[in-house]
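The values are calculated or read from the model by the stated rules, or taken from the named source; none is laboratory data. The structure displayed is predicted, hence computed values, not measured ones. FYI the Cβ positions are ideal-geometry reconstructions off the backbone, even for glycines, and counts take in every protein chain you see. To get the accessible areas, we keep the full protein, side chains included, count just its heavy atoms, and leave off ligands, DNA and RNA. Shrake-Rupley method; radii C 1.70, N 1.55, O 1.52, S 1.80 Å.
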Amino acid sequence: MILVAGVTFLVMRGGVTTATANVSKAFFSNKLLLNQVAVNPVFSLMESTFESQDKNLSQYDWFSEEEADRIFAEALTSGNGSYPDGEKQQWLNTDRPDIVLVVMEGMGRTMTDISEGDAPVAPEINRLKNEGLWFDRFYSSSFRTDRGNVAIFSGFPGQPNMSIMKQTNKAAKLPGLPHVLRNEGYMTRFTYGGDSNFTNTRAYMYSCGFEEVVDETEMDLKGHRSKWGYADDIVLDFAADEIIKRIRAEEQPVFDAILTLSSHEPFEVPYERLETPLLNSFAFTDEQIGKFVEKLRATEEWKDMLIILVPDHSTPYPTSIGNSSPERHHLPMLWLGGAVSKDMVIDEYMSQTDIAATLLGQMGISHDEFIFSRDITSGNTSRFGYWTYNNGFGIIDENGSSIYDCSTGSVIRNDGEDTLRLNYGKAILQKTFMEIRNL
């Protein structure tokens, strides 16, 4: 009986891998109807029932819906940037570049800005930030990979106490950057060296518009593996070869996204440069990012290529910075490649959610469906960084920052006693859940 109970538990869990049983395991196609047919209807019903009971989607209703909409619209269009109202900056020299977006696991500014002894943790990113566009005041949307991916690819803010990615039916209704690019003739693909079923990643990536999702099950690579999958050196080398091959074989432009994994606990990497295992793993990923960029730079295709390096979230290191602080959510972002028209530092405050509108705006493509995303190259949008943490939110602009704890209803920080900034943060969080209710 004990043996049968153990086997039954493993079957219910979905095996012994990092990904438990979820709807994502049934997704196999970029045609959503086929995926919906493939899902076990009993499992889907149970998941929907428990999800709807577990989440209170009205807990952040500080204002009436009309007032929340008004404050939300004001927050996004207050126009406090450095560009004149109505003026637009153009950073790309082509409107249809081949786009390579690398999501760097946990690579926050606390990793890229520090050293261990005399050695910088991330020398490659610090070298590369001297070319292309370096976004100096860029902030994460949340503190987990599943929230970060949705912010990057759907322009949708992270949630403090839930993950929209895990609610497959709702996540499928979010806008998708890959979907918009597909409609513009792009070939789209997502690559991950681990199990893409983890936290319903496969299902979300297909839903938001990726035609192919390539993970460890489609790879036959030689090299180091951690519990999460193949190490970044072999995956990024594999991805670079595939990207070059696809660009040369296709007459259409490509949008390829890669998610790294080696800089995740347990921080086991085939590399020994720094003494602290956590910092050493980030140094390893940084080195592989540098090699990846240089491999693409050595090709003729580089001249029409845009490479975006952006983390999914930051890492709580050192732990003294606290989960709610701006330092915890400060990220690096780089736009590199021959498609970038000039080297410059971008000093505008922005968040991961702003990537979609900013990129599409540079390409002359409408981004109206990404209602939380701002094109920061436009003079009539506001500039601030906004993030959520475990049942709270923070917001920062040129005048300071505000942090609010939703559990206690208390203000942790509010520089200059800025009620307007605090209300903007509340309206964005309330609007997030208003949209989730309507999905």
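Distance from the C-alpha centroid of the range 375-401 to that of the range 184-255: 31 Å, rounded to the whole angstrom. Projecting the Cα atoms of Ser401, Leu331, Ser373 onto the charge dipole of the range 246-405 (Cβ charges, centred on the Cα centre) puts Leu331 farthest toward the positive pole. Its residue count N fixes a reference of 2.2 N^0.38 Å for the chain, and the Cα radius of gyration divided by that reference is 0.95. When +1 charges are put on Lys and Arg Cβ atoms and -1 charges on Asp and Glu Cβ atoms, the dipole computed for the range 97-174 relative to its Cα centre reaches about 600 debye.
Each principal axis of the Cα cloud of the range 330-385 was taken in turn, and the coordinate range along them, longest first, works out to 29, 27, 19 Å. Taking θ as phi - 60° and the Karplus parameters 6.51, -1.76 and 1.60, the scalar couplings of the range 328-338 work out to 5, 10, 6, 10, x, 9, 10, 10, 10, x, x Hz in sequence order, x denoting glycine and proline.
In a shell of Cβ-Cβ distance under 12 Å around Ile243, excluding Ile243 itself, what net charge do Lys and Arg (+1) and Asp and Glu (-1) give? Summing Lys/Arg as +1 and Asp/Glu as -1 gives -2.
About the centre of its Cα atoms, the range 208-353 shows a dipole size close to 280 debye [charges on the beta carbon of Lys, Arg (+1) and Asp, Glu (-1) only; nearest 20 debye]. Residue-normalised convex hull volume from the C-alpha trace of the range 365-419: 110 Å³ per residue. Relative contact order for the range 129-169: what is it in percent, counting Cα pairs under 8 Å that are at least 6 residues apart? That works out to 30 percent.
Among Pro253, Pro120, Pro311, the residue with the largest mean-square fluctuation in a Gaussian network model of the chain, with springs joining Cα atoms closer than 10 Å, is Pro120.
Solvent exposure of Asp304, expressed as accessible area, is near 70 Å², computed with a probe of 1.4 Å over the protein chains only. Rolling a 1.4 Å probe over the protein chains gives Trp134 an accessible area of about 10 Å². The value obtained for the range 235-337, namely the Cα convex hull volume divided by the number of residues, is 108 Å³ per residue. Over the range 280-352, the alpha carbon radius of gyration divided by the compact-protein estimate 2.2 N^0.38 Å works out to 1.34. Counting only the Cα atoms, the range 169-281 fills a convex hull of 114 Å³ per residue. For the chain, the 222 nm mean residue ellipticity estimated from helices alone, with every DSSP H stretch of n ≥ 4 adding -39500 (n - 2.57) and the total spread over all residues, rounds to -10500 deg cm²/dmol.
Summing +1 for each Lys or Arg and -1 for each Asp or Glu among the other residues whose beta-carbon sits under 11 angstrom from that of Glu268 gives +1. DSSP beta bridges confined to the chain are antiparallel in about 55 percent of cases. Per-residue Karplus couplings for the range 255-268, computed as 6.51 cos²θ - 1.76 cosθ + 1.60 with θ equal to phi - 60°, are listed in order as 10, 10, 10, 10, 10, 7, 9, 5, 8, 10, 4, x, 6, 9 Hz, Gly and Pro entered as x. Remark on the range 77-229: ratio of C-alpha radius of gyration to 2.2 N^0.38 Å is 1.21. With 22 Å as the limit, the listed pairs Lys88/Lys426; Lys129/Lys303; Lys173/Lys426; Lys222/Lys245; Lys245/Lys295 have Lys88/Lys426; Lys173/Lys426 beyond it between alpha carbons. Per-residue accessible area (protein heavy atoms, 1.4 Å probe) orders Phe198, Phe143 as Phe198, Phe143, starting from the largest. The charge dipole of the chain, taken about the Cα centre with unit charges on the Cβ atoms of Lys, Arg (+1) and Asp, Glu (-1), comes to about 960 debye, rounded to the nearest 20. Taking every alpha-carbon pair under 8 Å whose residues sit at least 6 apart, the chain reaches a relative contact order of 28 percent. Label positions at Val411 and Lys303, each projected 7 Å from the Cα along the C-beta direction, are separated by 5.6 nm.
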